[in-house]
Structure formats: structure tokens, C-alpha cells
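Student: After the C-alpha cells below, expect a handful of questions from me.
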Amino acid sequence: MKPLRSPFHWRLLCMALLFATVSAALNALDARWTTQPWNASWIVPPIVNGAEYGVFHFRKDFTLTAQPGQFRVHVSADNRYRLYVNGTSAGVGPARGDLAHWRFDTYDLAHLLKPGKNTLAAVVWNAGEERPVAQMTARTGFILQGDVETASLVDTDASWKVRRDSGYTPVPIDHAALQTYLVVGPGDRIDGSKHLWDWQTSPLSDETWQNARTLERGFPHGTGTGAYWQLVPRTVPMPEELPERFDVVRRSSRSTPPDGWLGGASPWAVPANSEATVLIDRGHLSTGYPELEVSGGKGSEITLTYAEALFDAKREKGNRNEIEGKTVIGVHDTFIADGQPNRVFSPLWYRTYRYIELKVKTGAEPLEVRDLRARFTAYPFRENGSFTSADPLHSKLWEIGWRTARLCAFETYMDCPYYEQLQYVGDTRIQALISLYVSGDDRLVRNAIQQYNDSRIPEGLTQSRYPSNMTQVINTFSLFWVDMVHDYWRHRDDMAFVAQQMPGVTSVLHWFETRLDSRTGLLGPLQYWTFVDWPDEWAWDTKINSGGVPSGAVEGGSAIVTLQYAITLGHAADLYSASGMPREAARCREQKAMLIEAVRRTCWDPERRYFSDTPARTVFSQHVNTFAVLAGAVQGSEARDLIERAAADKTLIQATLYFRFYLLRAMRAAGLGDRYLEELGAWKQMIDAGLTTFAEKNDPTRSDCHAWSASPNYELLATVCGIEPASPGFRSVRIAPNPGRLTQFHGKVPHPKGLIELQLVREGTHGSATVILPVGLSGEFVWEGKSHPLREGSQTLTW
């Protein structure tokens, strides 16, 4: 990272510290705000259609006789807000949810207040019809509730002032130009001549500021009537915001910025009545709020276009480091300068970029582009786990995979930061395991599991992505949700949370049970979207309005989905047993056995020695044979032979990056864990192609950053190091390494009790493994089929 100018650096550092106060305040949350109606009211702009696009400023000036020792407030808005105290940003929110679980944030603002006049201010925006699909809404609104008697003087009511910022207009996504599914919300067009500058602290004018209109009191979740929003506390920390610089100007036309411009040291002068374009490279993909600082140049139009990669004339990306003959196609923001000095423009929502194209068109006055910087933002994961070896490829895999996982997490998990920002079950299951193994932070995991449970439709299935203002149901993702509950049960000793999910587990299983075909024993025709993977053979079908669907999924008789259901039944049996429900557990195991028998009877092809996708035995895929191994339809040497052949057979429908997670899991289950490192060719191809995050699928791909492809960060620790729970709740550990050809490696996995650490060194038939377990944790180390007990502390085993 290049040197930063001190004011910017310290401003962002202070902001990071301010956001940390949210977590501390939440820890002391008074139960009254989750059980009783609030004193504060939701306030809205007068004479405004609450569903339309708009950016609004809310303000409250008040006087304190002394700086308080504590000043806690609870804040929410629809769609989004950023809160300021005496001109300093205190936080952003609310975390996304649905109307029955509308998040509010808690802050202690005491350290930002002073004796005398103080100002609370919030910018609240509603993207209207252009809002992201991930954004649910009732109407534009803002609420702030003081927690103690002193803070109650700022409760939102009709004394708060509000004004619309006419400087903002939306820049709708140009779907015709982008030719893909992109639903993250509009860009911003900000006209500096119409925007009210320093609105957070400038004197109020009765001509432009109006008294807010009250709508309804704040009501907690469980309110029976009269509530647009049912309020629940935020359960995840604030996204972090950190200073970020761009690496290099890759090309320019008509005018070239001086050396030092990207470091903020040398302003770039663009003459009057001219145009200039520069292509800026961050060096790797990132997410953040760009900040453009300009002086003068009244009427100048500056457009920032953001791209993960550049496109050639064939709309292909090729090597991501190469720019020759390529253009930028993507989301953009436009800023109109008002001619005043040191104006800073920044979009309301964060952007995703490796490349930013900056276009300037000046009018009668020259423009000074003083700086372009950013505030990096993402969920505040900490990298507590690690994996190192002598092979530099593994370091690159780790670095790129962890960056991928980080950029796909904000207030929820996301499939991708550029195109959708939606939390999908299939993606999230893999993301959750990565989080647990690399960070150890399980808050986003619980948040996702609960939100999917909240999303269930009356028939019992979860929605496939949630929160979402557009219903989408992928039936197979409901099975993966049950698997997620099982994963959490294995890794966290939290039966109270698991118990909350069990009625939902039962509902999902019931939906599939009622769709079994008594003639074949397989699942019959299935409603909704039966997505499995994105191989070319399962391309998007406009007739059924879906893609990634295997043979037999729609008309009935899919061995793939039947086996997935069998796998989930096995996991559900564990959950029922742990919940003290032995009859339900036994029924699940019985049903699983019946499904496996039906698949073996109808879909095993003795000539090809593969399971087929349907009883017709005309279509064969890696997918069905992967699930056959994971379900236990084949075991021992039979399973090993099957998955070894399936992994190498190019005549089968091939698993993409996403489904290779399950393919490689099946190889390990069959005793081929030592092959894991040899099976990472697809990831090496992405690295060789200049990707700095892992893509949705191998080229041609839409998204260059898709967290389901970051699975190596989990597997390097769970498979290569072999560190996994030996008992529910991770109350004990089993370490069974699969080093392949590696002669030495070092891995660390965060555990609720502390770090689990393994260092393995070997030469020929000799070697040693040093294991460090945190206090209170024991387990076993397995090497060449022999088990050795492990205790807390450090120990070294030799052979």
C-alpha cells in the first residue's frame, strides 16, 4: 500500500474505531427495546411517495450542559442510512433483513458529543424501483431511539428536520450494454451545484428544511398489528472501513496525471474545454467507497466506471492483467463539479473494482483532480487460520481464496460483490466453512442460517437466496440449508440455536418425502428450480426459465437429487438424535437406506460401471457419482474405484468449480484425500490468467469473484492438514493429514477454545508431527491407519 496523506488516513482510522463502538453497545442492549414499543417514531419526509427514489437528510440540533458519560441510541432506516455526530460518521446500516426482522443498530455516542450545541444527522436513501434485489423495503423512513433519559431528548419525532437532496439522481443499470444479470442497485449521479454541502453541521434554513412527519412508533418483532417494520437488534458487527490506495495508471488519453497523483501528493490539472480518460488499476479486486476530490472546473463532468476485468472485441476477458485492445464495461457513477475548492464526491453504496476508468469532460473552467482514493469495506473478518508449505502455489491459493471470501461478505454472505450481492444457500454453505476455519467468527454463519429459516415458504422450503425482494426457490438449496445446520452442529456447541432450526428442518424433509415416486423409489417431478451445477450441458432453458438442471429433475427420476436428499436425511438423523428425537432419527436413516437401494437398483449401469443420472441410463455425470459416494451408496474399495474413475473421465458431464467442492469431498471420503493437491488445476488456471479472486466458473465466466470457488481455503486445513471435529460441537478434534507429495507444511485452525496448530515434516518413511491444542481440548492424531491420543498443549509424534 502506498503512503497516505495524514488527514485521510486518520479520518478512516477514527471511523474504524467508531464502528467498533456498535459491538460494545450491543453487548449491553436493554431488553425493553426488543419487547416493548419504542418512544421514538419513524419519521418520513412530508409530501413524498415513500416508495420512490430519494436521498434525504435528517437532522436534530440539541444542547448538552456537559459531555455525557454514556449516550446510547438505537437507529434504523429504510432503505439505508449513514449516521453523523457533529459531522463525524458514526456508522452505516441497517444490516439487511426482512420486514418481520428489520435490524436496528446500537451506538454509544458519548465520546463524539460536547458541552453546548450538538448535531445528529443522517443521510437516508431509497433506491426506489432501482433498488438491489437483496434490499427489502416498506417505504422511506428513519428512526432513532435514545436509550437513557439524557439520550431520549433526541428521539425521532416531528421536531427533527428533513430535506431532500436534489443533487442526487439514479443511474440505472444498463442491462443491454452489460448483457448479464446485475441487480446491485443503481449508480449515483451527483450534481455538486444542487447538493447541500456540509449539511451535517451547516446552519439550518427554514426555506430548505422542513419538519419531519411521524409515521408510527418503533415496534419490536412479535408485534401483532400496526407495524411496517418489526425491529430486531443487529447480530453481526459493522462492516469495517479502511483507507485504500490505487496502484497504477495503466493508460491515459489527452492528459496524463503527474507522478504522485495516485498517492494524493500531486494534483492533476485538466484544461478547460477538454476531455481526458485514465485507466486505473488497483492491482487486485477490491470493494470500497471511491472518494474523488476536485477543485474548480464548474460544470465539469467526471465519470467513474468500475470493472472486475476488461473485455476484448469478442466480449472475452482473457488474461486479467492485460489491457491492450480491451475496454471497460460496467457500473458507473457521475459527478458534476460546482467549481468550489476541495469538493469530495463519493457514492452512497460501495463499489467493486479492480479497474476504474475515470473520464473527465471540462467546460469553460479548468479542473483540478486533486485525488482519487477509497475506503475499503467488507465484513470485519480476521485471518486467524493459516496454511503454509514450501510450494508457492499454496500461498497464492490461500491469498486469493481468502480475498474472495472476504469480498463476498458484508452484512450477509454474498454470492458475488459485483453482480448480485445476494446470499444464496449453495454458496453460503461453503462460505460458512471457510469462515469457521480461517477466521473462527461464527456470527455471520448463524445470521445466514436464521435468515434462511425465516425465509421459508408455506410449503416448507426455504427460499434459495435471502434477504430478497424477489422470491426465488431452489429446492436443492433447502437440502443444503439442513446440511448447514448440521455443519454448525458439528463445529459449535450450541444446541439451543440448533433447536430453533429443527421445525424448519422437518418442514424441508416433509416437502421432499411427499414427492417420492412409489414406482421407482426415486424422487418424482419436482416444482421450483432444481439447480445442481453450471456445466455446459445444463445451460439456461427459456422454456422452464432455469438452468443448471439435470435430467430427471423436472419430469422425475433424478438420481442426483434423490442421492442429495439421502445425504441430507443422514445429517438430519444426527440432528434429531442430538435433539432427543430418536424415532425421527430412525425414520430418516430408514428412508435414506430405501433411497440408496432404489438408486442402486434403477440407475447403476453394470457395463459402464457408473451410476446414471436417471433410470434411462443414457446420461452420466460426475455429479451423480459424487453424491453416490457421499451418500454411502458405494463404500470401501468400490467407492474408491468409482470416484477415481469419475474424477478423471472427461466423457462424463463435468463438475464446475462450485461442484468440485463435493467431488473432492467424495474423493477424500473414499480414501483419496492425498490426491487433493493434485486436483487443483482449475484454480491454477485462474491464477495463471491473472485473476486476483476466484471466479464463478472457468472462463468464459460472468463473475470474477464468487465465494463458492474459495473452497481450497477450507480444504487446505480440513483435508491436507486433516483437522476436523471428532465429536459434535467440536468438543474434540481428529487430525488425519493428507499431505500428498508435500514433505512439510504448517496449519492453524481457530477453535472456540483457541488455536489448533499442526506442523508436519517428513522424509521418506520418517517424519514428525507437532500438534498444539488449546486448553480444554483433546482428540486423536491418525497416521497410516493408526490412532494416537492428543491432549491439550504441545506434543510431537514421530515415525
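The values are calculated or read from the model by the stated rules, or taken from the named source; none is laboratory data. The structure displayed is predicted, hence computed values, not measured ones. Cβ: placed from backbone, ideal geometry, glycine included. Neighbour counts: every protein chain shown. For the accessible areas, the whole protein counts, side chains as well, though only heavy atoms, and no ligand, DNA or RNA atoms are used. Shrake-Rupley method; radii C 1.70, N 1.55, O 1.52, S 1.80 Å.
Student: For the stretch 569-624 and the stretch 50-84, what is the separation of their C-alpha centers, rounded to whole Å?
Tutor: Cα centroid of the stretch 569-624 versus Cα centroid of the stretch 50-84: 54 Å apart.
Student: I would also like to ask the following. Quick one: length gained pulling LYS543 to ARG250 fully straight, 0.36 nm per residue minus the C-alpha distance?
Tutor: 101.0 nm
Student: Quick check: residue separation of ALA390 and GLU678 times 0.36 nm, minus the Cα distance between them. What number comes out in nm?
Tutor: 102.1 nm
Student: In nm, to one decimal, how far is the SER518 label point from the GLU129 one, both placed 7 Å along Cα→Cβ?
Tutor: It works out to 5.1 nm between the two label points.
Student: Please give every one of the lysines within straight-line cross-link reach of LYS786, meaning a C-alpha to C-alpha distance under 17 Å, and leave out same-chain neighbours fewer than 8 residues apart.
Tutor: Within the straight-line limit of under 17 Å, LYS786 reaches no lysines at all.
Student: Of GLY296, GLY547, PRO774, which is farthest towards the positive pole of the chain's charge dipole, taken about the Cα centre with +1 and -1 on the beta-carbons of Lys, Arg and Asp, Glu respectively?
Tutor: PRO774
Student: Here is a further query. Report, in whole Å, the centroid distance computed from the Cα atoms of the stretch 226-304 and the stretch 479-517.
Tutor: The stretch 226-304 and the stretch 479-517 have Cα centres spaced 44 Å from each other.
Student: Report the label-to-label distance for ARG213 and VAL344 in nanometres (one decimal), using points 7 Å from each Cα along the Cα→Cβ vector.
Tutor: 3.5
Student: Which aspartates and glutamates does LYS697 reach when only Cα atoms under 17 Å apart count, and residues fewer than 8 places away in its own chain are ignored?
Tutor: Hits, sequence-local ones excluded: GLU308, GLU316, ASP415, GLU420, ASP427, ASP533, ASP536, GLU537, GLU679, ASP688.
Student: Under a cut-off of 20 Å between alpha-carbon atoms, report the aspartates and glutamates in cross-link reach of LYS298, not counting same-chain residues fewer than 8 places apart.
Tutor: The reachable aspartates and glutamates, counting only those whose Cα sits under 20 Å from LYS298, are ASP165, ASP188, ASP191, ASP198, GLU275, ASP333, ASP338, GLU365, GLU368, ASP371.
Student: If you count the DSSP beta bridges with both ends in the chain, what percent of them are antiparallel, to the nearest 5?
Tutor: For the chain, the DSSP antiparallel bridge percentage is about 90.
Student: Could I ask something else about it? Considering amide H positions built from the backbone, and no H for Pro or chain starts, which residues 5 or more places from PHE694, or on another chain, come under 5 Å of its amide H?
Tutor: THR404, HIS706
Student: While we're here: Report, in whole Å, the centroid distance computed from the Cα atoms of the stretch 143-181 and the stretch 705-721.
Tutor: Value for the Cα centre distance between the two parts: 38 Å.
Student: Another one. Would you kindly derive the ³J(HN,Hα) couplings of the stretch 239-246 from the backbone phi angles with the Karplus curve 6.51 cos²θ - 1.76 cosθ + 1.60 (θ = phi - 60°), listing them in order in whole Hz, with x for Gly and Pro?
Tutor: x, 7, 10, 10, x, 9, 10, 8
Student: Give me the dipole magnitude in Debye, nearest 20, for the chain about the Cα centre, with unit charges on the beta carbon: positive for Lys and Arg, negative for Asp and Glu.
Tutor: With Lys and Arg at +1 and Asp and Glu at -1, about 540 debye.
Student: Which percent of the accessible area of the stretch 70-191 is formed by carbon and sulfur heavy atoms (probe 1.4 angstrom)?
Tutor: Answer for the stretch 70-191 is 51 percent, counting heavy atoms of protein chains only.
Student: How far apart, in nm, are the 7 Å Cα→Cβ label points at GLU644 and LYS314?
Tutor: Taking the two extended label points, one gets 3.8 nm.
Student: Got a number for carbon plus sulfur as a percent of the stretch 515-614's accessible area, 1.4 Å probe?
Tutor: It is 51 percent, rounded to a whole number.
Student: What size of dipole, in debye to the nearest 20, comes out for the stretch 644-703 about its Cα centre when the only charges are +1 on Lys and Arg C-beta atoms and -1 on Asp and Glu C-beta atoms?
Tutor: Dipole of the stretch 644-703, to the nearest 20 debye: 160 debye.
Student: Can I ask one more? Would you work out what percent of the accessible area of the stretch 365-493, with all protein chains in place, is carbon or sulfur (probe 1.4 Å)?
Tutor: Heavy-atom surface of the stretch 365-493 belonging to carbon and sulfur, 1.4 Å probe: 46 percent.
Student: What net charge is computed for the residues neighbouring SER166, neighbours being all others with C-beta under 14 Å from the C-beta of SER166, Lys and Arg scored +1, Asp and Glu -1?
Tutor: Summing Lys/Arg as +1 and Asp/Glu as -1 gives -2.
Student: So which of LYS592/LYS650; LYS396/LYS753; LYS314/LYS650; LYS117/LYS161; LYS326/LYS359 end up more than 23 Å apart by C-alpha?
Tutor: Exceeds cut-off: LYS592/LYS650; LYS396/LYS753; LYS314/LYS650.
Student: Show me, for the stretch 518-527, the HN-Hα J-couplings you get by feeding each phi into the Karplus relation (A = 6.51, B = -1.76, C = 1.60, θ = phi - 60°), rounded to Hz, glycine and proline as x.
Tutor: Values, residue by residue: 5, 6, 9, x, 9, 5, x, x, 10, 7 Hz.
Student: Right, another one. With the cut-off at 1.5 for a/c, could you classify the stretch 442-523 from its C-alpha gyration tensor as rounded, prolate or oblate?
Tutor: oblate
Student: For the chain, what is the accessible area per residue in Å² when the probe is 1.4 Å?
Tutor: 37
Student: I've got another one for you. Determine the dipole magnitude for the stretch 385-456: charges of +1 sit on the beta-carbon of Lys and Arg, -1 on that of Asp and Glu, nothing else is charged, the reference point is the Cα centre, and the result goes in debye to the nearest 20.
Tutor: For the stretch 385-456, the charge dipole is close to 80 debye.
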